[in-house]
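The values are calculated or read from the model by the stated rules, or taken from the named source; none is laboratory data. Since the model is a prediction, treat every value here as computed from it, not as a measurement. So basically every Cβ, Gly included, is an ideal-geometry build from the backbone, and we count neighbours across all protein chains shown.
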């Protein structure tokens, strides 16, 4: 809202343009003296008064208080919706260009909610492209713009920041952001169901990767209970995608597949192509866990092709690690090794969890070829990478593999040390962050990735 003197001059201009006296404008709710005081800028009018005057002057409350025609904000919001659909169609580059133009327009008009929406869109585009430091910066900018808003309005920005850190392998910090927001919603009485479902769904992935399976299951239960109160079908679909992870962790493969089928149906109806690709990805993983390797390969190749066509480099690379594991289990080691080597040749641009998984698979294949020294080298490199992320379940499994390798080589003491390390990770209680807040990790200069199914922008 403008200062009182600017609003007063605007009221006076509109009144005189329409040939109204102060008394005619004031009747029947106010006095001519009040209108005179308002026009001189000596009083800050209430919202009630301004809405009354806007109706008498045939204008909108927004135009009267800011000088901006209401249709500009409406047109900008419609354009932001179009940009969101462009991103949902998998055209992240085109969507980013559109969002940048709309951000500049919103800044020119001084429209803070629209600026925040554009920043959120640019954050989602950066996630899709694997540009995680840029994504985090965009979501932080959106949070600053929404600083005066209730937490439910800021939930998307919090979730976006958490996903950026999760993909970077910063699982503990991602949990901290999400848990803190959930806790604040609970204590403040602002238990908005859509905000809670968004946050509960987002926290499932890092919980599972940290080995906190009970927490993941509890978050899934709460999200499912709230789902009937959520009107956004894409949000419900994203929740089903994440809830499927908890079913899979509990060995409920049929329930996991059913949950994914619900998500896939919704995404298909909404024509959200990137999210549909994520469903193919996870269904491939579920089928692989159930031993149906041929179907798993088909689903993962479909997901990879869809994501690659949309230049979602980060998610494409993650799918390729899953696909390489399926190819290894099918005995096609050459194809699997080719995929993994190509990914590792990209250096650190795919993050600790991702690179650790690639080295683990290369170690398994080296063991199967009888190349113990090469296997040990890959396991050790994977261990160093995963220790940075806090992915407890993966670390415990890796310590078992490395310990078994060392024990078979007769290096019993070294094997015992590795087993103890693995037990330490497995026995961690799974509590995450609601003690002292962890230090905010600094993103490096290159984008990185991380955990499986951290969630695309439409989720």
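Quick look at the values:
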| item | result |
| --- | --- |
| Tally, over region 254-277, of residues that are crowded, with 18+ Cβ neighbours inside 10 Å and not in a helix (DSSP H, G or I) | 1 |
| Answer residue from region 405-425, given it is over 15 Å from residue 379 (Cα atoms) and surrounded by 15 or more Cβ atoms within 10 Å (Cβ to Cβ) and is modelled with the lowest pLDDT among those | 425 |
| Unique residue being modelled with pLDDT under 90, surrounded by fewer than 16 Cβ atoms within 10 Å (Cβ to Cβ) and farther than 16 Å from residue 321 by Cβ when the list is 396, 374, 384 | 384 |
| Looking only at region 127-174, and only at residues there that are free of Cβ contacts under 8 Å to residues at least 40 places away in the same chain and under 25 Å from residue 354 (Cβ atoms), the one that is surrounded by the fewest Cβ atoms within 10 Å (Cβ to Cβ) | 140 |
| Members of region 69-82 that are in contact with a helix residue (DSSP H, G or I) (Cβ under 7 Å, 6 or more places away or on another chain) and either buried (at least 16 other Cβ atoms within 10 Å of the Cβ) or within 20 Å of residue 99 (Cα to Cα) (or both) | 72, 73, 76, 77, 79, 80 |
| Extreme residue, surrounded by the fewest Cβ atoms within 10 Å (Cβ to Cβ), among residues of region 175-197 that are closer than 21 Å to residue 249 by Cβ and either in contact (Cβ under 8 Å) with a residue 40 or more places away in the chain or under 14 Å from the mean Cα position of the chain (by Cα) (or both) | 179 |
| Subset of region 104-125 that is over 13 Å from residue 157 (Cβ atoms) and surrounded by 24 or more Cβ atoms within 10 Å (Cβ to Cβ) - its residue that is modelled with the highest pLDDT | 125 |
| Lone qualifier among 235, 222 - being at pLDDT 90 or above, more than 17 Å from the chain's Cα centre (by Cα), farther than 28 Å from residue 357 by Cβ and assigned to a helix (DSSP H, G or I) | 222 |
| Residue check, residue 251 at pLDDT below 90 and either buried (at least 24 other Cβ atoms within 10 Å of the Cβ) or outside any helix (DSSP H, G or I) (or both) | yes |
| Matching option when the condition is closer than 21 Å to residue 263 by Cα, out of contact with any strand residue (DSSP E or B) (no Cβ under 9 Å at 6 or more places or on another chain), in contact (Cβ under 8 Å) with a residue 12 or more places away in the chain and surrounded by fewer than 24 Cβ atoms within 10 Å (Cβ to Cβ), among 215, 229 | 229 |
